[in-house]
Amino acid sequence: MSQREERIELKFRIYDGTDIAHSCYAPSMTVATLKKRLLSEWPQAKTVTPKTVSEVKLIHGGKVLENSKTLADSRIMSFGNLPGGVITMHVVVQPTIAKEKKAKNQKEMQKMNSCSCTIL
């Protein structure tokens, strides 16, 4: 097999519909390494810019990819596409501040929705 066949052609669609980092990637590349590359190529003019790898979520086939897995482990291939086609992954940015706020709101909701009884 040639090297061209061993690589996976990917592009990444961010929240506003812009595609970034269109290139060919090795199946042995981890998702965390791929996210680092996306951070380095992220358009600086965007209103939402991730600061760390943990703020970026990659979605392929309806599943969020795990940082520790490789592209091959995540079964990234041209499933359902023509051979040699470009695979589009969706990129979601979830800042850590929003995560912390969500957790705080959930704790507050639990307090509001809980009741306690005292039997005397």
_Residue satisfying condition, being basic (Lys, Arg) and modelled with pLDDT of 90 or more, within set Lys69, Lys46_ = Lys69
*Report the residue count in region 31-51 for those that are over 12 Å from the mean Cα position of the chain (by Cα) and open to solvent by less than 60 Å² (accessible area, probe 1.4 Å).*
5
*asked:* Kindly evaluate Gly84 against the criterion of being at positive phi, exposed (fewer than 12 other Cβ atoms within 10 Å of the Cβ) and at pLDDT below 85.
replied: yes
*Considering region 44-78 alone, what residues qualify as being aliphatic (A, V, I, L, M) and part of a loop (DSSP other than H, G, I, E, B)?*
Ala45, Val48, Leu65, Leu71, Ala72, Ile76, Met77
_Filter region 1-43 down to the residues that are modelled with pLDDT under 90, among the charged types (D, E, K, R) and in a loop (DSSP other than H, G, I, E, B) and list them by number._
Arg7
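The values are calculated or read from the model by the stated rules, or taken from the named source; none is laboratory data. Computed from a predicted structure; not experimentally measured. Neighbour counts run over all protein chains shown; Cβ positions are idealised from the backbone, glycine included. The area values use the complete protein model at the heavy-atom level, side chains included, leaving out ligands, DNA and RNA. Shrake-Rupley method; radii C 1.70, N 1.55, O 1.52, S 1.80 Å.
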